[in-house]
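All remarks here apply to the structure that follows.
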């Protein structure tokens with residue numbers, strides 16, 4: 001009778017309430033980046049972490065390695081795989097508890113991993129504009145199973161029709177350029193939100209409300225903190241539109257962001273590549289001193305390159321548009337990739353950027369401006385995705401020179417090898433030069449032979 005009653009009760013009770021040996025075993029909760037189809041960073045120790053019952057023994061098995069650790073008092077555990085070689089061969093990772101409960105992740109590749117963060121110009125998805133390099137390059141039809149993107153809301157996805165529509169356009173085009181040169185899988189950690197200020201992305205130790213992303217540090221807490229410690233090559237940062245009022249003050253905030261992320265990541269000074277703000281609107285020649293708000297943000301971004309090790313910069317002065325979201329994201333991505341391939345991957349045959357202001361010297365009534373990466377210096381016109389076309393004899397616009405009395409005047413330029421000689425008949429004793437210091441300077445522009453544009457610059461001593 002007792003056995004019959006037990007059977008009846010068991011039949012009536014919901015399954016979830018029944019005692020189960022399997023249910024008693026602690027679950028294996030893994031850190032955000034660890035799921036099926038993940039790409040792990042090659043060539044460096046790879047932290048793997050998660051949560052379980054305090055004191056649990058955890059073994060992580062992958063690519064012939066077995067690493068064992070123990071969950072702490074808070075249940076968190078972490079172990080590190082030894083450096084791995086790049087591989088496009090799908091493999092399995094198995095995480096096993098001392099109780100015998102296990103979890104297997106499938107289709108894991110090894111290659112290069114980059115974090116993509118900022119606001120709308122990097123958050124923008126392929127589905128919103130599927131143009132890559134010109135109209136014939138339809139990103140929506142891409143089928144590259146070794147380029148993958150992780151987003152916290154959808155996990156890892158492969159670059160194939162359908163899923164690729166959710167990829168960041170800048171990130172995908174960047175990954176594609178890397179893969180063409182490196183021939184290894186490329187993974188993207190996408191953590192961007194349109195319209196967000198830099199303050200919301202800065203690491204802070206202050207108590208935060210996890211539900212409020214736009215408070216100072218809120219987007220860091222929601223989107224970056226779950227990724228902290230994930231082995232990666234570096235980060236791409238495209239932001240600044242929401243901080244135009246900061247002007248030169250943007251420098252200190254961007255420095256705080258970079259240094260804060262690097263500190264908590266505990267992976268040293270990993271590469272941090274910044275997109276210099278693209279042009280917007282249509283500037284009208286007026287005061288030769290120029291100095292519109294985007295010029296100040298761009299100068300602050302340039303100073304990050306000068307002041308913080310292992311940072312990079314991609315120019316977008318010639319690819320802007322009337323509105324905030326220029327459609328030509330291919331050029332931005334290509335220039336980020338050029339910098340990374342040269343500086344992070346040792347491809348010395350690849351020119352890393354356009355002419356980058358180095359120093360200047362007054363020579364009589366002229367100023368000689370010297371650049372890095374200025375082989376084949378030229379004044380040229382550019383149309384959409386086409387390579388710049390040299391314009392011999394064209395005047396370089398948006399170039400001004402400062403007189404000893406502090407006044408600014410529009411200037412003339414003469415190319416002398418890799419230098420630019422700047423002068424004006426109105427200035428007998430020049431002291432400084434500015435170039436493209438407005439929101440949207442329409443060309444022609446200054447380029448090198450690789451077709452990469454010069455960064456806007458001022459030869460004045462930097463004033464923080």
Checklist entry - Going by a ≥ b ≥ c, the root eigenvalues of the Cα gyration tensor, does segment 115-177 fall in the rounded group (a/c under 1.5), the prolate group (a/b larger than b/c) or the oblate group? => result oblate
Checklist entry - Label points 7 Å out from Cα along the Cβ direction at residue 264 and residue 389: separation in nm? => result 5.0
Item to check | Kirkwood Rh and Cα Rg combined as Rg/Rh, segment 15-166 | outcome: 1.06
Item to check | Residues 385, 435, 445 arranged by fewest to most Cβ contacts within 10 Å | outcome: 385, 445, 435
Item to check | Counting DSSP beta bridges with both ends in the chain, the antiparallel % (nearest 5) | outcome: 70
Checklist entry - Taking a ≥ b ≥ c as the square roots of the eigenvalues of the Cα gyration tensor of segment 153-252, is the shape rounded (a/c under 1.5), prolate (a/b larger than b/c) or oblate? => result prolate
Next on the checklist: Looking only at segment 110-343, where both bridge partners belong to it, what percent of the DSSP beta bridges are antiparallel (to the nearest 5)?
Outcome noted: 25
Checklist entry - How big is segment 27-109 in terms of Cα radius of gyration and Dmax, in angstroms? => result 12.2, 37
Checklist outcome for this item: Check: C-alpha center segment 383-415 vs C-alpha center segment 88-122, spacing in Å is 50
Checklist entry - Cα centroid distance between segment 432-457 and segment 242-307, in Å? => result 16
Next on the checklist: Using helices alone, I'd like the mean residue ellipticity at 222 nm for the chain: each DSSP H run of four-plus residues gives -39500 (n - 2.57), total over residue count, nearest 500.
Outcome noted: -5000 deg cm²/dmol
Checklist outcome for this item: Each label sits 7 Å from Cα toward the beta-carbon; between residue 325 and residue 65 the label points are separated, in nm, by 4.0
Next on the checklist: I want to check the label-to-label distance for residue 205 and residue 104. Put each point 7 Å from Cα in the C-beta direction and report it in nm to one decimal.
Outcome noted: 4.5
Checklist outcome for this item: The Cα extents of segment 110-343 along the principal axes, largest first and rounded to whole Å, are 50, 45, 34
Next on the checklist: Given bins 10 angstrom wide, list per bin the percent of all Cα-Cα distances in segment 356-458, short to long.
Outcome noted: 17, 50, 28, 5, 0
Checklist entry - How much of the DSSP beta bridge set in segment 229-373 is antiparallel, as a percent to the nearest 5? => result 45
Next on the checklist: Below 8 Å, C-alpha to C-alpha, sequence gap of six or more: please give me the relative contact order for segment 27-109 in percent.
Outcome noted: 35
Item to check | Relative packing of 255-263, 273-281, which averages over residues the other C-beta atoms within 10 Å, highest first | outcome: 273-281, 255-263
Checklist outcome for this item: Final fewest-first order of 67, 73 on the 10 Å Cβ neighbour count is 73, 67
Checklist entry - Mean separation of Cα pairs under 8 Å and 6+ residues apart, divided by the residue count of the chain: what relative contact order is that in percent? => result 12
Checklist outcome for this item: Here the gain from full extension of residue 428 to residue 409, 0.36 nm per residue of separation minus their alpha-carbon distance, amounts to 5.7 nm
Checklist entry - With contacts defined as alpha carbon pairs under 8 Å and 6 or more residues apart, what's the relative contact order of segment 356-458 in percent? => result 34
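Since every read-out is calculated from the coordinates, none of them should be taken as a lab result. Because the structure is a prediction, the values reported are computed rather than measured. Every residue, glycine among them, receives a Cβ derived from its backbone with ideal geometry; neighbour counts consider all protein chains shown.
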